[in-house]
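Take a look at the structure below.
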Amino acid sequence: MTKVRVAVAGASGYMGAELLRLLLVHPRVELTGVTSERLAGERLDRSFPHLRGLTDLEFHDLRPEWLADVADIVFLALPHMESQRAVPGLRAAGRKVIDLSADYRLRDATDYVTWYKAAHIDPAGLGEAVYGLPELHRKAIAGASLVANPGCYPAGAVLATAPLFRNGLARLDGVVIDGKSGVTGAGAQGRKVDPMYLFTEANENVQAYGLASHRHTPEIEQELSLLAGAALKVSFTPHLVPLNRGLFTTASVVLASPLSTADLTAVYREVYAGEPFVRVLGDGDRPTTRAVVGSNYCDVAIVADTRTGRAVCVSALDNLGKGGSSNGVQNLNILCGWPERTGLEAAPVYP
C-alpha cells in the first residue's frame, strides 16, 4: 500500500505534538517532515520523549519550498496570522494544506482586522478555504485544497447547538455560550508564558477571560448563522479550568416553540446519525471531559428547560482532539477518500 507523505509545520507546540502522535501510527501516512523555528536541527524525540522509537526525524526551519518537496499534504500548526505566509507557496506547488490556526476560518476578511488586529494577506486562499468541521462541511472538505480546521471552542459550541439551528427550532436572539478549557488550549507559548497559565495560578482555580472579546466569537457566529440561514450573534465567555486537556461547553438557546427533552434528543440523534465521532447521550447520561480525552469524540446532550422556554445544550471534547489535531486527521482522511476512523480508532484514555 502506497502511503501519503505528510509534513507538519510548527510541530513543537501541544497541538503539533498531538498531531505527530496520531500521524506516526496512522496506517496510510508516512511522516516525512517537521518544522520548528525554535528547535531546528534537534531530533523530534528529544523534544517529545513520548515519541521515542517511533521516529528519527529532525526539526527543520520553516521553508514552504522544502515542505512542498518532502510532502504531498502539509499540516500547519503555526501561530495565528503566520500560516497565511506559507500557504500561497504550498498551494502554488500543488500541495494540499490543513491549517490548524485561525488564518482561514473566517470568511469575511474584515473580521481579521476586527478580531486579530491585522489585515489578511492571502485573500485568494481565504476565498477558497473550506471550514473543516466534517459534520457540517464533509462534501466540501472532500474536494478542497485548503482546509481550515476549527477552533476548539467553536467545535464544542457548534456541535452542541447545530441541530437546533439546522432545523429551525431555535430563536436567533439570546444565545448564550459558556466554554471551559484545559490549559493546553493556550498552546505551549514557548518562553513567553501568560501568568494565568502557570501552575500556581491555574491549579485549584477557575478564571474567565476574553470577556465579550474572544477571537472565537465570530467563528461561532459564522457557522451558526450559516446553519440558521440568517445572521445571529452569541454571547460567548471562555474559562480556564485546571485540566491538562479537555473542553466543556454549555449553551443556552431560546426555543422557537415548546419541545420536550425527549423531542430534542430525538432531533439530535437524527441529525448525528451515522456521524462516527459525535455521541448523543440521553436517559440521564451527561457529557464529561474525562470520557473523551485522547480521542476524536464529541459527546453531546440536550435538556429542555420548559420553565424558561430554553434548551440547555452541553458538549465535551478534547481540545487537542476533536477541538484540534484529531479533527485534522479526520479531515485528512476525508481529503484522501479513506474511512474517517482511519488512525482514530483508539478509545478515549481512562482514567
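Every number in this text was worked out from the coordinates using simple rules, so none of it is lab data. It should be emphasised that the depicted structure is a prediction, and the values quoted were computed from it without experimental measurement. In this analysis, Cβ positions are derived from the backbone assuming ideal geometry, glycine residues included, and neighbour counts consider all displayed protein chains.
A few points about this structure:
- Highest to lowest packing among 114-121, 271-278, scored as the average C-beta count within 10 Å: 271-278, 114-121
- Length gained on full extension, Thr110 to Met196, computed as 0.36 nm times the residue gap minus the Cα-Cα distance: 28.0 nm.
- Sum of -39500 (n - 2.57) over DSSP H runs of 4+, divided by residues of the chain (222 nm, nearest 500): -8500 deg cm²/dmol
- Sites Glu65 and Glu275, calculated FRET efficiency, Cβ-Cβ separation with R0 30 Å, nearest 0.05: 0.20
- Our coupling estimate for region 114-127, obtained by passing each phi through the Karplus curve with A = 6.51, B = -1.76, C = 1.60 and θ = phi - 60°, is 5, 9, 10, 6, 7, 6, 7, 9, 10, x, 5, x, 4, x Hz, Gly and Pro reported as x.
- Working note: Karplus 6.51/-1.76/1.60 with θ = phi - 60° gives region 318-330 the couplings 8, 5, 8, x, 4, x, x, 5, 5, 5, x, 5, 4 Hz, where Gly and Pro are set to x.
- Cα-based Rg of region 94-161 normalised by 2.2 N^0.38 Å, two decimals: 1.11
- Neighbour counts of other Cβ atoms within 10 Å put Val74, Val241, Val25 in the fewest-to-most order Val25, Val241, Val74.
- Label sites at Arg28 and Leu211, each approximated as a point 7 angstrom past Cα along Cα to Cβ, lie 4.8 nm apart.
- Sites Arg52 and Cys336 - FRET efficiency at Förster radius 35 Å, r taken between beta-carbons, to 0.05: 0.80
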